[in-house]
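Colleague: Below is the structure I would like to discuss, written out as structure tokens.
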Amino acid sequence: MKLRPYGDTLADGKVQLSFTLPCDPDATGIEAAKQLAKAMGMIDPGVVQAEKIGEGFGFFIVYGSVPFAIDTDKIKVEDVATPTLSREEIESLIEKELGRDVVFVGASTGTDAHTVGIDAIMNMKGFAGHYGLERYKHVKAYNLGSQVANEEFVRQARRLQADVLLVSQTVTQKDIHLRNLTNLVELLEAEKLRDQVILIAGGARITHELAKELGYDAGFGPKKYAEDVASFAVLELIERKKSVK
Amino acid sequence: MNKLNLDQNVIATCRQLAMGIADDIHEFIHKHTTVSVERTVCRLLGVDGVDRFGVPIPNLIVDDIKDRGDLSRGVSVYLAAGLKATGMDLKALVKAYLQGEVQLGSDPLPSIKETLGILEPYYAATLKQIKDNRGERENRKQKYGQKPTEIYVIVATGNIHEDVIQAKAAAKAGADIIAVIRSTGQSLLDYVPYGITTEGFGGTYATQANFRLMRAALDEVAEAENRYISLVNYASGLCMPEIAAMAALERLDILLNDSMYGIIFRDINMQRTFIDQYFSRLINAYAGIIINTGEDNYLTTSDAVEEAHTVLASQFINEAFALKAHLPEQLMGLGHAFEIDPAVEDSFLLEIAQAEMAREIFPTAPLKYMPPTKHINGNIFRAYQQNTMFNLATTFTDQSIHLLGMMTEAIHTPFIADRYLAIENAKLVQRAAKSMREEICFKPGGIIESRAKSVLAKAAELLESVRKIGLFQALENGVFAGVKRPFKGGKGLEGVIAKHPQYLNVISARMEAELL
Ligand code: B12
């Protein structure tokens, strides 16, 4: 199927856009905004509002349409391929296929102090009506909290004999999360632990695709809960167990 | 004003309980000092700068005395001993110390009285500078006049030069208060970075040089706009009192300075935090800096409907600690927030109840009201709507420090246009609802009145139970924000030292004497 934006008529291609330019919103500023929109591929852009937002700064709101169409048949989305099972299904899979407890060790790492995300996945109470890993039978969930240095995280992973590592990253300004996530992979490799764990990243700005790129086994963003993570991890553990045999 | 018909006896009981709670902790506070308290003393005697490895000189001195001397006596006597033994002035002494020509900690220690005399020229000079700054602030505020509700926005680019550009733009657009948010990780540094900084994450490092740059920039816009523009930073983390000292020297106007935030949200040891918060608040009292407390944060991890009473209880506790540090009510920017899930029916009425209740219980405090953050998602248009409602609650309940919500809250630290749109939103509401407060009263026994009554009653209950077990134990049990912290856990405990009977802190001695 070919897709174009929908304003009030199918395929009219209407889009809206707003941005700031470091110039006054005078005639030149407005023209600059218009040309910028054209350079982005908009046809007939209209600057519907231009406001001065401080000395030498203008804010512009632009409407226009785009000529492009996207062919959805050609889209390939990188997402976690495993299905999401229920808590009961996961518990019985662990019991039948693994026959032992699965150890999850999680933290909000580096200088990140946000815990609500990792707590949502791990704590008993869970989030938005989805129970966390602590509530699961045959799961040992260790939530190390926030601001955990990667070195410390790796040390704990070894001590607790983690099967699954859960890393949460919320602050992304200046790409701090990329540096921190990459550093963890390097540490795990240096410690020869990388292949012995399932490594999972999560956070508001984390996608599966990004996590894979950084050398993680999976990534989970908003609207993902304990059962999504546990399904992936347990199925992957079973898979790995089989391939060892 | 008593629009909510609150029971004044319950309020008085809460105050009494909170003071009892703070009294207990103060027994502990007065028996201890910390490395950051001692570094602050160095700073307020005029010791500043870093060595060739970039280590701040106050850290060098205090660590040295901790290793080789007896820090339980305080750094003051050691500095006085060095001055006495060498006959140098402090500047020369520090220089010789850095070059390894003199050692601190090996000279015989002078008496308390003698120490006060030897150090007098140094602390008298910095304390005078702080008082002058206070006077300067008062003069300027008088000259420009002040609004009852001030618009507060943050800048957080990581680069102080970029922050300056954005702060000036925000002030021109109508902001009265500019906060420079700190970089992630700074609260856990046991030293204050030095000099102008251009790289931070989620915020910009708090350094004295950065303070000075921003202060000058804001004074410049203030002149052009004919409005005082206040500058805010964070006296939290492991260097609370040092930041307060730097802020006092650079005429900052407001500091985030909660008595428990570090414990709950940064896992900083509770003993360390309570000792540090006292000295930092004492400095703020002396400098006329408004403190802001962090109760609003509780609602980011706990539910705003269920746990509203923890916010109020904590406000009472923060008030008690502030009083103990000689802060008058005019400097107590107690915090609270508009964080109820908008999916809840009548959530706006519950927000009004909470905000009005805070206003009535703390009538002269410059309350800091925080916008919705937790229930903001990537739908910036919905966020703008939520912020409009928050702005209406602010104007209607006459809050003092109005921290604006950003439509991009769930996405990034604010862009320049986000801030502008937020300011426009607030100004529009302020204008449109200017006299609403005088016009509207609440239905007796209605949703708003009943809600405030029940939150107050629950806060009293909570304070009662905290009073029984003590605040240390309450924090171990996780009463605030649902976060449990062990008495001996967290960061910074190694920097806590029991005071010697001959302990002396020349700065607090002098400040306490003057503020009493
Ligand atoms: C609550 C909050 C706080 C609280 C945190 C309390 C706590 N204990 O966590 C407090 C007030 C302390 C706080 C502080 C700061 N915050 Co904050 N905070 C938020 C806020 C409002 C909500 C975040 C949240 O709790 N979301 C709810 C959870 C459940 O969502 P989530 O994390 O996405 O988690 C879900 C998924 O992503 C996933 N998930 C998450 N982690 C993981 C991990 C794994 C392994 C898996 C599988 C899944 C998974 O599962 C969860 C459920 O679906 C956001 C704004 C917003 N509305 O998003 C800002 C925000 C995240 N904070 C921000 C900033 C900058 C900070 C500070 C750095 C500010 C400062 N300079 O002081 C400080 C942190 C200092 C530090 N050292 O980190 C910015 C980040 C900007 C960016 N993109 O870089 C935001 C976006 C606000 C903003 N616009 O400026 N913050």
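The values are calculated or read from the model by the stated rules, or taken from the named source; none is laboratory data. What you see is a predicted model, and the numbers here were worked out from it, not measured in a lab. Cβ sites come from the backbone with ideal geometry, for glycine too, and all protein chains shown count toward neighbours.
Colleague: Residues that are among the polar types (S, T, N, Q) and touching a strand residue (DSSP E or B) at 6+ places or on another chain (Cβ under 9 Å): list the helices (runs of 4 or more DSSP H) wholly contained in the range B:256-320 that include at least 1 such residues.
Modeller: Details: elements: B:261-266, B:270-287, B:298-301.
Per the criteria, B:270-287, B:298-301.
Colleague: Hey, among the residues in the range A:173-206 that are assigned to a strand (DSSP E or B) and among the hydrophobic types (A, V, I, L, M, F, W, C), which one's farthest from B:ALA156 (Cα to Cα)?
Modeller: We begin by selecting, within the range A:173-206, every residue assigned to a strand (DSSP E or B); these are A:198-202.
The next check asks that each one be among the hydrophobic types (A, V, I, L, M, F, W, C); those that pass are A:198-201.
Working: A:ILE198: 35, A:LEU199: 32, A:ILE200: 29, A:ALA201: 26 Å.
The extreme case among them is A:ILE198.
Colleague: Another question, if that's okay. Filter the range B:264-296 down to residues that are of a type in the set (S, T, N, Q) and surrounded by 24 or more Cβ atoms within 10 Å (Cβ to Cβ) and give me whichever is nearest to B:GLU136 (Cα to Cα).
Modeller: Out of the qualifying residues, it is B:ASN284.
Colleague: If you don't mind, another one. How many of the residues in the range A:153-178 are of a type in the set (D, E, K, R) and within 14 Å of chain B (Cβ to nearest Cβ)? Steps first, answer last, please.
Modeller: Our first condition is that a residue be of a type in the set (D, E, K, R); within the range A:153-178, this holds for A:155, A:158-159, A:163, A:174-175.
With within 14 Å of chain B (Cβ to nearest Cβ) added as a condition, the list becomes A:174-175.
Total satisfying the criteria: 2.
Colleague: Hey, among the residues in the range B:178-187 that are outside any loop (DSSP other than H, G, I, E, B) and within 11 Å of the ligand (Cβ to nearest atom), which one's farthest from the chain's Cα centre (by Cα)? It would help to see each step written out before you state the result.
Modeller: First, pick out the residues of the range B:178-187 that are outside any loop (DSSP other than H, G, I, E, B): B:178-180, B:186-187.
Restricting the remaining residues to those that are within 11 Å of the ligand (Cβ to nearest atom) gives B:179-180, B:186-187.
Details: B:ALA179: 12, B:VAL180: 13, B:GLN186: 15, B:SER187: 13 Å.
Among those that are outside any loop (DSSP other than H, G, I, E, B) and within 11 Å of the ligand (Cβ to nearest atom), it is B:GLN186.
Colleague: OK, next. Can you pull out the residues in the range B:191-205 that are touching a helix residue (DSSP H, G or I) at 6+ places or on another chain (Cβ under 6 Å) and more than 14 Å from chain A (Cβ to nearest Cβ)?
Modeller: Those that are touching a helix residue (DSSP H, G or I) at 6+ places or on another chain (Cβ under 6 Å) and more than 14 Å from chain A (Cβ to nearest Cβ): B:TYR191, B:VAL192, B:GLY195, B:ILE196.
Colleague: Residues that are within 14 Å of the ligand (Cβ to nearest atom) and in contact with an Asp or Glu (Cβ under 8 Å, 6 or more places away or on another chain): does the range B:392-405 have at least one?
Modeller: Of all residues in the range B:392-405, those within 14 Å of the ligand (Cβ to nearest atom) come to B:403-405.
Going one step further and asking which of them are in contact with an Asp or Glu (Cβ under 8 Å, 6 or more places away or on another chain), we end up with none.
No, that holds for no residue.
Colleague: Additional query: Considering every residue within the range A:195-205, establish whether at least one is farther than 20 Å from A:GLU78 by Cα, within 8 Å of the ligand (Cβ to nearest atom) and more than 13 Å from the chain's Cα centre (by Cα).
Modeller: no
Colleague: A follow-up question, please. List the number of the failed condition for B:GLY200; all other conditions in (1) on the phi < 0 side of the Ramachandran plot; (2) more than 12 Å from the ligand (Cβ to nearest atom); (3) of a type outside the set (S, T, N, Q) hold.
Modeller: Unmet for B:GLY200, out of (1) on the phi < 0 side of the Ramachandran plot; (2) more than 12 Å from the ligand (Cβ to nearest atom); (3) of a type outside the set (S, T, N, Q): (2).
Colleague: Name the single residue that is nearest to the other protein chains (Cβ to nearest Cβ) among those in the range B:132-158 being over 25 Å from B:VAL429 (Cα atoms) and within 14 Å of the ligand (Cβ to nearest atom).
Modeller: The residue in question is B:GLY158.
Colleague: Something else about it: If you go through the range A:209-235, how many residues are more than 9 Å from the ligand (Cβ to nearest atom), under 23 Å from A:LYS140 (Cβ atoms), acidic (Asp, Glu) and in contact (Cβ under 8 Å) with a residue 40 or more places away in the chain?
Modeller: Within the range A:209-235, residues that are more than 9 Å from the ligand (Cβ to nearest atom), under 23 Å from A:LYS140 (Cβ atoms), acidic (Asp, Glu) and in contact (Cβ under 8 Å) with a residue 40 or more places away in the chain number 1.
Colleague: Can you give me the ranges of the helices (runs of 4 or more DSSP H) entirely in the range B:68-144 with at least 1 residues that are crowded, with 21+ Cβ neighbours inside 10 Å and free of Cβ contacts under 8 Å to residues at least 12 places away in the same chain?
Modeller: Answer list for the range B:68-144: none.
Colleague: Also, quick follow-up: Inspect all residues belonging to the range B:161-177 and state whether any of them is within 16 Å of the ligand (Cβ to nearest atom), of a type in the set (Val, Ile, Thr) and buried (at least 24 other Cβ atoms within 10 Å of the Cβ). Explain how you work it out, then say what you get.
Modeller: Narrowing the range B:161-177 to residues within 16 Å of the ligand (Cβ to nearest atom): B:162-163, B:166-167, B:170.
Still in the list and also of a type in the set (Val, Ile, Thr): none.
Checked against the condition, which is being within 16 Å of the ligand (Cβ to nearest atom), of a type in the set (Val, Ile, Thr) and buried (at least 24 other Cβ atoms within 10 Å of the Cβ), the range B:161-177 yields no hits at all.
Colleague: Could you please let me know if B:GLU242 is surrounded by fewer than 24 Cβ atoms within 10 Å (Cβ to Cβ) and more than 13 Å from the ligand (Cβ to nearest atom)?
Modeller: Spelling it out, it is not the case that B:GLU242 is surrounded by fewer than 24 Cβ atoms within 10 Å (Cβ to Cβ) and more than 13 Å from the ligand (Cβ to nearest atom).
Colleague: Suppose we filter the range B:352-388 for residues that are among the basic types (Lys, Arg) and not in a helix (DSSP H, G or I); how many remain?
Modeller: So in the range B:352-388, the residues among the basic types (Lys, Arg) come out as B:359, B:368, B:374, B:382.
Right, trim to not in a helix (DSSP H, G or I) and you get B:368, B:374.
Adding up the residues that qualify gives 2.
Colleague: Just the residues that are within 14 Å of the ligand (Cβ to nearest atom) and of a type outside the set (Gly, Ala, Ser), please, taken from the range A:95-122. Walk me through it before giving the result.
Modeller: Step one: of the range A:95-122, the residues within 14 Å of the ligand (Cβ to nearest atom) are A:104-122.
Matches in the range A:95-122: A:PHE104, A:VAL105, A:THR109, A:THR111, A:ASP112, A:HIS114, A:THR115, A:VAL116, A:ILE118, A:ASP119, A:ILE121, A:MET122.
Colleague: If you don't mind, there's one more thing I want to ask. With (1) out of contact with any Pro (no Cβ under 6 Å at 6 or more places or on another chain); (2) free of Cβ contacts under 8 Å to residues at least 60 places away in the same chain as the list, and B:MET406 as the residue in question, which single condition is left unmet?
Modeller: Unmet condition: (1).
Colleague: Same structure again: List the residue pairs whose Cβ atoms are under 6 Å apart, where the first residue sits in the range A:155-177 and is over 22 Å from B:GLY202 (Cα atoms), the second is near the ligand (Cβ under 7 Å from one of its atoms), and the two are 6 or more positions apart or on different chains.
Modeller: Hits for this filter: A:LEU166/A:GLY106; A:LEU166/A:ILE200.
Colleague: Only one of (1) surrounded by 22 or more Cβ atoms within 10 Å (Cβ to Cβ); (2) assigned to a loop (DSSP other than H, G, I, E, B) is not met by B:ARG227, so which one is it?
Modeller: (1)
Colleague: Based on this model, can you work out whether B:ASN292 counts as under 13 Å from the mean Cα position of the chain (by Cα), at pLDDT 95 or above and within 16 Å of the ligand (Cβ to nearest atom)? Steps first, please.
Modeller: Working: under 13 Å from the mean Cα position of the chain (by Cα): yes; at pLDDT 95 or above: yes; within 16 Å of the ligand (Cβ to nearest atom): yes.
Considered against the rule, which asks whether it is under 13 Å from the mean Cα position of the chain (by Cα), at pLDDT 95 or above and within 16 Å of the ligand (Cβ to nearest atom), B:ASN292 comes out as yes.
Colleague: If we only count strands (runs of 3 or more DSSP E) wholly inside the range A:49-152, which ones have 1 or more residues that are farther than 30 Å from A:ALA32 by Cα and either acidic (Asp, Glu) or away from chain B (no Cβ under 11 Å) (or both)?
Modeller: Filter on the range A:49-152 gives A:102-108, A:139-143.
Colleague: Regarding the range B:384-401, can at least one residue be identified that is within 14 Å of chain A (Cβ to nearest Cβ) and either surrounded by fewer than 20 Cβ atoms within 10 Å (Cβ to Cβ) or among the small types (Gly, Ala, Ser) (or both)?
Modeller: yes
Colleague: Taking the condition within 14 Å of chain A (Cβ to nearest Cβ), out of contact with any Phe, Trp or Tyr (no Cβ under 8 Å at 6 or more places or on another chain) and touching a residue at least 60 places away in the same chain (Cβ under 8 Å), does B:ASP267 pass?
Modeller: The answer is yes for B:ASP267.
Colleague: Let me ask something additional. B:ASP190 versus (1) part of a loop (DSSP other than H, G, I, E, B); (2) more than 23 Å from B:ARG43 (Cβ to Cβ): which is the lone unmet condition?
Modeller: (2)
Colleague: Right, next: Would you please list the contacts, defined by Cβ atoms under 8 Å and residues six or more apart or on different chains, that run from a residue in the range B:414-426 that is touching a residue at least 24 places away in the same chain (Cβ under 8 Å) to a residue that is of a type in the set (Ser, Thr, Tyr) and surrounded by fewer than 24 Cβ atoms within 10 Å (Cβ to Cβ)?
Modeller: From the range B:414-426, the pairs are B:PRO414/B:THR408; B:ILE416/A:THR20; B:LEU421/B:TYR384; B:ASN425/B:TYR384; B:ASN425/B:THR388.
Colleague: Of the numbered conditions (1) surrounded by 22 or more Cβ atoms within 10 Å (Cβ to Cβ); (2) closer than 29 Å to B:LYS484 by Cβ; (3) touching a residue at least 40 places away in the same chain (Cβ under 8 Å), A:ILE206 fails exactly one; give the number of that condition.
Modeller: So the condition that A:ILE206 fails would be (3).
Colleague: In the set B:ALA173, B:ALA169, B:ALA222, which member is modelled with pLDDT of 95 or more, more than 30 Å from A:GLY110 (Cβ to Cβ) and more than 21 Å from the chain's Cα centre (by Cα)?
Modeller: Answer to the check: B:ALA222.
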